1. Mind checking the alpha-carbon convex hull of region 93-235 and giving the volume per residue in Å³?
2. Note the angle between two axes, namely the Cα long axis of helix 38-52 and the longest principal axis of the Cα atoms of the chain, as a number of degrees from 0 to 90, rounded to the nearest 10.
3. About the Cα centre of region 2-240, what is the dipole size in debye to 20, counting +1 per Lys and Arg Cβ and -1 per Asp and Glu Cβ, all else neutral?
4. If each DSSP helix of 4+ residues adds -39,500 (n - 2.57) and the sum is divided by the residues in the chain, what number results at 222 nm, nearest 500 deg cm²/dmol?
5. So if I take the centroid of the Cα atoms in region 178-241 and the same for region 52-78, what is the distance between those two points in Å?
6. For Arg226 and Val209 in the same chain, what is the full-extension length gain: residue separation times 0.36 nm, less their Cα-Cα distance, in nm?
7. Across 5 Å bins from 0, what is the distribution of all Cα-Cα pair distances for the chain, in whole percents?
8. Tell me which of Ser190, Ala128, Ser35 sits at the most positive position along the dipole axis of region 2-240, charges placed on C-beta atoms (Lys, Arg +1; Asp, Glu -1).
Amino acid sequence: MKNIYRLIPASLAILAIAMAFSTQANASDLANLNSLSQTEFLALSKDLAAVTSTKAIEPAAPLGISGFDVSASTSMTRIQDGATWAKASGDSATHLIQTKLSISKGLSGGWDVGGFVSKVPSTNVSVAGLHVKYALLEGNAITPAIAVRASHSRMGGVSGMELNNTGLDVLISKGFVGFTPYLGVGTVYSNAQATGKSDESFTQGKSFVGVSWNVLLVNLSAEYDRTGKNSTVGLKAGVRF
């Protein structure tokens, strides 16, 4: 039992180190949007949508009416158009690292609700979002859990630019003695606006696969997500019950 509880500070310490390291990412404020062509603005918006759209890093099974999930996470997204990012930010980057605090609450009838706030260190990009998940099949020892999830996120912090993402996912998971692998597919609809640019609206497909590990209150999860052409790897640590 003592060894299990020692995993809580250890797992959070690992995540804290990752977050501290992320502040060294080679990126800077998006302050040169006026220098972008309309085509470059669209490319930048797609990269940002892949970073800022909701990634809950959770299985399909509902939390239940007494359930909570409180966590911190860090994720790394590969940029597709590094030249445009460099032009807009004044600095080169191949990946953007995001740190996030999240909370989810189980409700009755297979419903969960959640929200998050996050930051992309060394940039002026911040994000807030929420999601609602409904379990079509709650799952048991034999059958998997199947759920649908709707989400919305909004980018902040970038002067003269707005970006909103609305997502819809279908996911499936099956628990095996503390480990719960899961996978899903979905769509992200994004709208980007910037001073001096025409609005851009676009839809990107997404797919993701992950695993969640629970022992008592401890939860560690990892997920690989592909939104559009951008790949994201995420690690989450916290308390889930």
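Read the figures in this text as sums done on the coordinates, not as results from a lab. If you're wondering where the values come from, they're calculated on a predicted model, not measured in any experiment. Cβ sites come from the backbone with ideal geometry, for glycine too, and all protein chains shown count toward neighbours.
1. Numbers: hull volume 17.8 nm³, N = 143.
Cα convex hull per residue, to the nearest whole number: 124 Å³.
2. Here the helix axis deviates by roughly 20 degrees.
3. In total the dipole reaches around 540 debye.
4. Calculated at 222 nm, the ellipticity per residue is -6000 deg cm²/dmol.
5. With region 178-241 and region 52-78 each reduced to a Cα centre, they are spaced 9 Å.
6. Working: separation 17, 0.36 × 17 = 6.12 nm, distance 0.92 nm.
Gain on stretching Arg226 to Val209: 5.2 nm.
7. Taking all Cα pairs of the chain, the binned fractions are 1, 7, 14, 19, 19, 15, 11, 7, 5, 2, 1, 0 percent.
8. The residue sitting most towards the positive pole is Ala128.
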